Amino acid sequence: MSAVPRLVVVGDASIDYFVQVPHIAGNDNKAIGSLSGVYGGGMSANLAAAAAQHGIAVDLITKTGAGPYTDAALAELRRLGVSIEHSLRDLRHPTWMCFVQLDASGEKALTGADTGIKVPAIEEIDASVMAGADIVAPLADDLEWAAAVAELGRARGARVAVDLEPDAFEPDQPEFARLLGLSDIVFLNAASATKLAAEPRGAARRLIQLGAALVVISEGAHGASTLDRDGVVHRARLRGEVTAVDTTGAGDALAGAFLGALLAGAEVHESLRRAVAQATRCVTAVGGRTYLSGSQRGEWPDELITITTER
């Protein structure tokens, strides 16, 4: 273990365009709205920024390109305590971007535009950065790529954490089993869980059977829960209601805060409380990490997060 716990996040950093619409446009339909803002995003960048708020060292290995907002997004990451010293820049391509429709309830429809440089190629990653890291967290959009990054981290003594998005995996894929066999901490949302079992705890048990030591399941407004190999379940729920204006990045905030708190020395149940608090703050502002600056800074009040434990 290093003197200061260290997390290495490997993956994406995007530019996100937010449009407030009266309804989410479907097939052969359109919605005319107004531009709410352009912000730095990306699952990996959001996770890294969330984790850095807990006093640990965070390195982000990503790849960005040209574009009018990229410099500001990278400067924001540095300001939030994320090291991007080992990230790459390719000015021949635009930074990858997302277009987000937001309706009045805070729900979203997101379209990503991969410009060819969403993540670094395996051979472009400086794996020496992982030496001495406590946890390596690869983006799990591409299971084969994520498993290769996980192997690099494992070879240097790090644990591995992954966040499973529902459209990124199929349970019977060999690459899925391979990645889970390399992973210690696995995050998934309710939609991901339903691809694995009829109910969340069954999904968590399946992931533990595949190799995970700890599974964290996000259930949106209903909070989150954990299950470990010993069968211990922690649940964190928000008491009362919060007005959500944008759910973009809430899962990233939860995963990053959990890892940051855990590496900073918090117990699993306290890490979960902080994670739910940070994810709750995230949905109160437009953008995946705008909640980390200005008037949005600070934790959700402790008394509004209820923790229960089952053994």
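The values are calculated or read from the model by the stated rules, or taken from the named source; none is laboratory data. Bear in mind the structure is a predicted one, so any value in this text is a computation, not a measurement. Don't worry about glycine lacking a Cβ; one is built from the backbone with ideal geometry, like all the others, and counts go over all protein chains shown.
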Given the range 9-104, what strands (runs of 3 or more DSSP E) lie entirely inside it while holding 1 or more residues that are farther than 24 Å from Thr247 by Cβ and of a type outside the set (A, V, I, L, M)?
57-61, 63-66, 88-94
Take the residues of the range 244-273 that are touching a Gly at 6+ places or on another chain (Cβ under 7 Å) and modelled with pLDDT of 95 or more: which is surrounded by the most Cβ atoms within 10 Å (Cβ to Cβ)?
Asp252
Subset of the range 80-107 (residues that are surrounded by fewer than 20 Cβ atoms within 10 Å (Cβ to Cβ) and farther than 28 Å from His23 by Cα):
Leu80, Gly81, Ser83, Glu85, His86, Leu88, Arg89, Asp90, Leu91, Arg92, His93, Pro94
Search result, residues across the range 114-154 that are free of Cβ contacts under 8 Å to residues at least 24 places away in the same chain and either hydrophobic (A, V, I, L, M, F, W, C) or under 26 Å from Ile217 (Cα atoms) (or both)
Ala121
Suppose the filter is part of a strand (DSSP E or B) and out of contact with any Cys (no Cβ under 8 Å at 6 or more places or on another chain); does Ser192 pass it?
no
Does the range 155-171 hold any residues that are assigned to a helix (DSSP H, G or I) and farther than 15 Å from Val186 by Cα, and which are they?
Ala155, Asp167
Can you pull out every residue in the range 62-92 that is farther than 20 Å from Gly37 by Cα, free of Cβ contacts under 8 Å to residues at least 40 places away in the same chain and of a type in the set (Gly, Ala, Ser)?
Gly81, Ser83
Sort out which residues of the range 203-243 are buried (at least 22 other Cβ atoms within 10 Å of the Cβ) and β-branched (Val, Ile, Thr), and write them in order of number.
Val215, Val216, Ile217, Thr226
When every residue in the range 108-141 that is of a type in the set (A, V, I, L, M, F, W, C) and assigned to a loop (DSSP other than H, G, I, E, B) is compared, the one surrounded by the fewest Cβ atoms within 10 Å (Cβ to Cβ) is Ala121
List, please: which pairs have Cβ atoms under 9 Å, are six or more places apart or on different chains, and start with a residue in the range 45-59 that is within 12 Å of Leu292 (Cα to Cα) and end with one that is of a type in the set (Phe, Trp, Tyr) and crowded, with 23+ Cβ neighbours inside 10 Å?
Ala50/Phe258; Ala51/Phe258
Between Asp126, Asp90, Asp114, which is of a type in the set (Asp, Glu) and modelled with pLDDT under 95?
Asp114
